[in-house]
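Undergrad: One structure, pasted below without further comment.
Bear in mind these aren't lab numbers, they're just calculated from the coordinates by the rules spelled out. On a predicted model such as this, the values are computed, not experimentally measured, just so you know. Every residue, glycine as well, gets a Cβ built from its backbone with ideal geometry; the counts of neighbours run over all protein chains shown.
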Amino acid sequence: MNYVGIDIGGTFIKAGLVDENGGIVKKSSVPTLATRKWERVMDDIVAQINRLTAGAGYAAVGVGSPGAIDSANGVVEYSPNLFWKDVPLAKYISGALGKTVKVGNDANVAALGEAKFGAGRDYSDVVMLTLGTGVGSGIVAGGRLFEGYRSMGAEIGHMVIREDGEPCGCGRRGCLEAYASATALVRDTLSAMQIAKNSLMWEECGNDLNKVDGRTSFAAAKRGDEAAKRVVAAYAKSLAEGIINIINIFRSQAIILGGGVCAQGDALLNPVREYVAKHRFGGSESLATDIITARLGGDAGVIGAACLVME
């Protein structure tokens with residue numbers, strides 16, 4: 001049996017025909033053009049699904065959308081990235097296709113995809129953190145999404161790890177997102193470069209501050225640059241502090257890390273694992289939580305959306 005997974009982004013809408021083993025049979029992408037009325041975006045999604053499934057049967061449609069989602073009723077209550085408020089997404093698409101449609105927050109949906117068919121497939125309880133522009137998160141307990149009351153929970157990126165710390169986009173200060181996002185890493189890299197004018201980080205970005213990204217400090221650190229090492233160490237420590245909080249609350253079997261920063265592999269994972277093992281409740285003698293990287297990449301949202309309707 002096949003299912004349709006839709007991953008709505010601010011720039012593109014990705015769709016996939018997904019089989020019951022999590023394999024993508026066929027996929028497509030169309031521009032979101034989010035400044036239009038939401039009905040026009042929905043019409044594009046319906047047309048995209050019809051093209052994708054032409055000549056192929058499918059059981060139902062799952063959708064991952066950014067924003068605050070009332071998953072029980074399939075409503076996007078508020079999505080600043082899409083300029084949506086109280087959009088009855090499931091009802092609209094279901095009415096057009098005559099199929100069951102379920103909706104979830106995009107970060108939650110990506111976590112579900114990784115839990116079912118990606119890095120977390122051997123675990124029943126995982127938490128996923130996506131280290132990108134912000135810090136997205138999703139919690140899977142007993143093989144099912146945990147979304148909190150009215151699907152408004154699981155915003156792990158907005159736990160405070162440093163009181164009165166760096167400002168966060170949510171309006172508070174000191175959130176995990178303000179220290180462990182790729183955005184925060186770039187900010188701290190730029191700050192260190194302004195102080196260390198002879199740092200190899202300048203060479204790594206070709207002396208162009210506009211080209212500084214999440215790999216700049218890691219690349220210079222691997223070459224022995226002391227300023228870059230300090231940036232990497234501080235970033236890893238902040239991420240580890242957030243992970244310790246997650247472990248102490250949920251004691252999940254695994255923490256899955258996704259996002260471009262994770263391409264640094266052991267250069268990121270090893271210091272994080274070492275710090276977590278030492279400082280989590282119970283220390284190194286307590287039950288361990290695996291810290292691993294995501295496997296599905298850009299397909300996690302599509303596969304995870306399909307998982308919403310597989311059960």
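Undergrad: Sequence gap at least 6, Cα distance under 8 Å: using those rules, report the relative contact order of the stretch 104-164 to the nearest whole percent.
TA: Once normalised by length, the contact order is 29 percent.
Undergrad: While we're here: Do me a favour and compute the ellipsoid semi-axes for the stretch 248-311 from its Cα gyration tensor, root of five times each eigenvalue, largest one first, whole Å.
TA: Equivalent ellipsoid of the stretch 248-311: 27, 17, 7 Å, largest first.
Undergrad: Can I ask one more? Based on the Kirkwood radius over alpha-carbon pairs, what value in µm²/s does the Stokes-Einstein equation return for the translational diffusion coefficient of the stretch 121-294 at 4 °C and 1.567 mPa s?
TA: 78 µm²/s
Undergrad: Given labels modelled 7 Å from the Cα in the Cβ direction, how far is it in nm from ALA56 to ARG295?
TA: Each label point is offset 7 Å from its Cα along the Cβ direction, giving 2.1 nm.
Undergrad: Compute the distance from the alpha-carbon center of the stretch 167-202 to that of the stretch 226-288, in whole Å.
TA: 18 Å
Undergrad: Compare the Cα positions of ALA227, ILE255, SER284 along the charge dipole of the stretch 227-311 (+1 at Cβ of Lys, Arg; -1 at Cβ of Asp, Glu; about the Cα centre) and return the one farthest towards the positive end.
TA: Comparing the listed Cα positions along the dipole, ALA227 ranks first.
Undergrad: Do the alpha carbons of any pairs in LYS27/LYS99; LYS222/LYS278; LYS211/LYS278; LYS27/LYS222 sit beyond 29 Å of each other, and which pairs? Mind showing how you got there, number by number?
TA: Details: LYS27/LYS99 19 Å; LYS222/LYS278 24 Å; LYS211/LYS278 36 Å; LYS27/LYS222 38 Å.
Pairs exceeding the cut-off: LYS211/LYS278; LYS27/LYS222.
Undergrad: Which of the lysines could a cross-linker span from LYS37 if the Cα-Cα distance has to be under 22 Å and same-chain partners fewer than 8 positions apart are dropped?
TA: Result set, ordered by chain and number: LYS14, LYS85, LYS91, LYS102.
Undergrad: Okay, moving on. If you line up the long axis of helix 226-250 against the longest principal axis of the chain, both from Cα atoms, how many degrees apart are they, to the nearest 10?
TA: Around 50 degrees separate the two axes.
Undergrad: Just the ratio, please: alpha-carbon radius of gyration of the chain over 2.2 N^0.38 Å, N its number of residues.
TA: 1.04
Undergrad: Okay, moving on. Please give me the summed charge of the neighbours of GLY138: other residues whose Cβ is under 13 Å from its Cβ, Lys and Arg +1, Asp and Glu -1.
TA: -3
Undergrad: Something else now. Quote the relative contact order of the chain in percent (integer), defining contacts as alpha-carbon pairs under 8 Å separated by 6+ residues.
TA: Averaging sequence separation for qualifying contacts and normalising by length gives 20 percent for the chain.
Undergrad: With each run of n ≥ 4 DSSP H residues scored as -39500 (n - 2.57), what mean residue ellipticity at 222 nm is computed for the chain after dividing by its residue count and rounding to the nearest 500 deg cm²/dmol?
TA: Estimated from H runs of four or more residues: -11000 deg cm²/dmol.
Undergrad: Roughly how many debye, to the nearest 20, is the charge dipole of the chain about its Cα centre, given +1 on each Lys and Arg Cβ, -1 on each Asp and Glu Cβ, and no other charges?
TA: Dipole size: approximately 280 debye.
Undergrad: Would you list, by chain and number, the aspartates and glutamates whose Cα falls below 12 Å from the Cα of LYS26, excluding same-chain residues fewer than 8 positions away?
TA: Qualifying aspartates and glutamates at Cα under 12 Å: ASP299.
Undergrad: In the stretch 223-260, whose amide N lies under 19 Å from the spot 7 Å out along Cα-to-Cβ of LEU287? List them in ranges.
TA: 243-256
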